[in-house]
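I have placed the structure first, in the form of structure tokens, so that the comments after it can refer back to it.
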Amino acid sequence: MENSFRLTGFMGTNDSYEAAKAIILGVPMDFTVSLRPGSRTGPQQVRTFSYGLEEYSIYQNKSLENLAFYDAGDLTLPFGNITKSMDIIEKAAERIFADDKLPIFLGGEHLVSYPLIKACYKHYPELYVIHFDAHADLRSEYEGEVYSHATVMRKVAELLGSRRIYQFGIRSGIKEEFEFAREHTHIYVNEIFPSLRDAVLLLKQKPVYISLDIDVLDPAYAPGTGTPEPGGFTSREIIEAILTMAPLNVVGMDIVEISPPNDHSERTAILGAKLVREALLAYVK
Ligand code: MN
Ligand code: MN
């Protein structure tokens, strides 16, 4: 049963890995989620709803028909084993970066971004990260665990060094996280625009990895997520954000925390599919 879903990739693509400039890879891990698990089925749900999308984007006047991309399906992970799973995720990502292809990873919980960015950083030592999220994700530990969806950007900050992360849309966290952010990241509390435009100008020559936690959106637009946080951004603003980053040298991206069991209208997965389409068209050069 499981394999029968994998016969068709995102938007029905049947391009080969070799020919593809971009790779979609599902990372179905949701082992450290605190409130509502379920994002392990996110990648498959995004694929399912991609079939309702047009290949053509009116925003960019471009079509996926003219872009070779490959959907590698979902990784097989040993459920519950975080260390081993992170290892598998890192190795899979390393291969894509080594082949000079642009990966778009679909989560899964946000912790998957740590091994993904680790693999990316090995290939691009000058890497910067643009992080969209309702939550700072900068805790030093969560419930005694160092590796968690709530600590992921702290681990990334420790890996890349100071001031390599730009955080947008953040509206939740503990005091310690905001103190850490003031010294070690660039944080834009409750804001995307206009600061994102300035960041794009600053980072124009650098390799950039984009990590998009779907809960940056308001739960009205993206209710299907583990930790919804009211007071968020609209679908229009996030699409605008994706398009605004088109001039950057985007070398990798993830969209995480889409959780189908909480997505009763499927609007979160539908949005996720649209964001993937726009990202492919905007970032594959
Ligand atoms: Mn997050
Ligand atoms: Mn979040």
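Any read-out appearing in this document is the output of simple, stated calculations on the displayed coordinates, not a laboratory observation. Model, not experiment: these values are computed from the prediction. Note that we place each Cβ from the backbone using ideal geometry, even for glycine, and neighbour counts take in every protein chain shown.
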Check your understanding: Over what distance in Å are the Cα centres of segment 133-149 and segment 163-207 separated?
Key -> 17
Review point. When the scattering of segment 189-248 is computed by the Debye formula from its Cα atoms alone, each counted once and equally, what is log10 I(q)/I(0) at q = 0.12, 0.23 Å⁻¹?
Key: -0.32, -0.96
Check your understanding: For all pairs of alpha-carbon atoms in segment 165-285, what percent lies in each bin of width 10 Å, listed from the first bin to the last filled one?
Key -> 13, 44, 35, 9, 0
Practice item. Give the residues of segment 213-234 whose amide nitrogen is closer than 16 Å to a point set 7 Å from the Cα of His264 in the direction of its Cβ. Key: 219-226, 228
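In µm²/s, what is D for the chain at 4 °C and 1.567 mPa s, where D = kT/(6 pi eta Rh) by Stokes-Einstein and Rh is the Kirkwood radius from Cα pairs? Working shown, then result.
Values: Rh = 18.4 Å.
The estimated diffusion coefficient comes to 71 µm²/s.
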Study note, to complete from the structure: Per GNM of the chain with C-alpha springs under 10 angstrom, the most fluctuating residue out of Val33, Val112, Val256 is Val33
Revision key, fill the gap. One would report the Cα pair-distance distribution of segment 83-136, bin width 5 Å, in %, as 4, 18, 31, 25, 16, 5, 1
